[in-house]
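Asks: There's a structure below that I have some questions on.
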Amino acid sequence: MLNGKKVIVIITGGIAAYKSLELVRKLTQKGVKVIPVMTKAAENFVTPMAVSALAQEKVFNNLFDLTDEAEMGHIELSRSADLIVVAPASADFIAKAATGQANDLASTLILATDTNVLMAPAMNVRMWENAITQKNIHTLNEIGIKFAGPNEGDMACGEFGYGRMAEVDEILENIELHFGNKKLKGRHFIVTSGPTREPIDPVRFIGNRSSGKQGTAIAEALIQKGAKVTFVSGPVEISPPFGSKVIKVETADQMYEAVHSALPADGAFFTAAVADWKVIKTKNQKLKKQNGMIPTFDLSETEDILASVSKLKKNRPKMVIGFAAETENILINAKSKLKKKGCDFIVANDVSLGTQTMGGDENTAILVSEEISEQLPTMSKRALAETLVEKISQSFEEMDA
Ligand code: CTP
């Protein structure tokens, strides 16, 4: 599985750097071409000569090394690999990556790369638990950087807690997972995500509480399985999924256009909370209060994007998955939506006040098709995305069989 892959291994300064020698050795044994990169601080813990001997490659450690620039610039280097692994990732390096610094070769590679990045943090427990580090981890997580560990245990500094670098075999498992299951390679998916905003006047709009977290997680899970993803997103605060083609829209009409122009596709997930109504005549100027008079608006229904794609005669994706945001009679409503919209699956969730589904990090869903209705346990939006995407890839396999 790893044979023939090219992986940049960045070693930063920390006592756990000695474990990275083992990581480099095991990767090389598995047929991986390892490009080792070391920070200055890392050289206090392991020597470039030892790393180079195990990788059977030259160690890159200088951003301004002209020979390297002549052979391969740092931008090219950052994009030449199938994966970048940072082990150990020190608190300092994580902070640099999270704030977009590029003051040595290792941090520049992270800033410049369009390749996936896996970090194995290693630091003192207080440093790991510090709110600044946690904020940095959150920032990196949001832009799609993955983490292995840290683990809980005794530390070189004599303290106990979280901060120990993940074991080499755990890091390897994560690397294998990354390259593992590419069942959707060669398939194109469209994912709609987030809310839409329907303007009333230049400053006001009809909107909803959708955060885009579930749609983003689905796009990431699809990309993880090798799919090409066109991500059509309404206005959200979170970063779009790394590696997707992003089309930013605001209104339901724009989302409709973007989705139809992105066809053909093998599959489509309609995760967006599209506004059902739009104001027929939006005002060009800001509405002013007028002696206590309350304004009224004529509304019209927005185009149902999911139904329009499900009912296409030509270019209908093989697998169309809709979501149903419900506050009551979830299963009954989901079944009737499945029929009305003509899609293959409906993922129904309870969005009643108090469930925290909209905007939160967890989801409890029922998966409904003509044949099944499966209650899934409450899980993180990421886990739900992986579960759904795995089911869809199995359906593709069955169709292909
Ligand atoms: N949807 C869509 N275009 C619309 C409205 C909804 O594509 N104009 C999609 C959503 O992305 C979701 C599914 O339809 O996948 C169901 O959305 P939901 O808001 O639950 O249902 P509605 O069709 O809007 O019906 P209702 O509001 O009456 O429940």
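Asks: How much accessible surface area, in Å² rounded to 10, belongs to the heavy atoms of D253 with a 1.4 Å probe?
Replies: The accessible area of D253 comes to roughly 70 Å².
Asks: I need the phi-derived Karplus couplings for segment 113-126: 6.51 cos²θ - 1.76 cosθ + 1.60, θ = phi - 60°, integer Hz, Gly and Pro marked x.
Replies: Per residue, the Karplus-derived 3J(HN,Hα) values read 6, 10, 9, 5, 10, 10, 10, 10, x, 8, 5, 5, 4, 5 Hz.
Asks: Hey, can you find the accessible area per residue of segment 6-178 for me, probe 1.4 Å, expressed in square angstrom?
Replies: Accessible area per residue: 45 Å².
Asks: Hey, can you find the accessible area per residue of segment 266-378 for me, probe 1.4 Å, expressed in square angstrom?
Replies: 63
Asks: So, one more: When only alpha-carbon atoms count, how far does segment 188-400 stretch along each of its three principal axes, as whole angstroms with the largest first?
Replies: Projected onto the principal axes, the Cα atoms of segment 188-400 cover 64, 36, 32 Å.
Asks: How do the peptides 128-134, 140-146 rank, highest first, by the average count of neighbouring beta carbon atoms within 10 Å per residue?
Replies: With the highest mean Cβ count within 10 Å placed first, the list reads 140-146, 128-134.
Asks: So how exposed is Y18, as accessible area in Å² (1.4 Å probe, rounded to 10)?
Replies: Its heavy atoms expose roughly 140 Å² to the probe.
Asks: What's log10 of I(q)/I(0) for segment 152-289 at q = 0.10, 0.21 Å⁻¹, Debye sum over Cα points only, no solvent?
Replies: Computed log10 I(q)/I(0) values: -0.49, -1.14.
Asks: Any chance you could tell me what percent of the C-alpha pair distances in the chain go past 41 Å?
Replies: Details: 21000 of 80200 pairs.
Percentage above 41 Å: 26.
Asks: Just how many pairs of Lys in segment 6-178 have C-alpha atoms closer than 22 Å, counting pairs that are eight or more places apart or on different chains?
Replies: So the count of such lysine pairs works out to 22.
Asks: Ignoring ligands, DNA and RNA, please state the percent of accessible area on the chain from carbon and sulfur, probe 1.4 Å.
Replies: 51
Asks: Based on the mean of other beta carbon atoms within 10 Å per residue, what is the order of 170-180, 214-224, 315-325, most packed first?
Replies: 214-224, 315-325, 170-180
The values are calculated or read from the model by the stated rules, or taken from the named source; none is laboratory data. Please read these numbers as outputs of a predicted model, since none were measured by experiment. All Cβ positions, even for glycine, are placed from backbone atoms using ideal geometry, and neighbour counts span all protein chains on display. When the accessible area is computed, the model is the full protein with side chains, heavy atoms only, and any ligands, DNA or RNA have been set aside. Shrake-Rupley method; radii C 1.70, N 1.55, O 1.52, S 1.80 Å.
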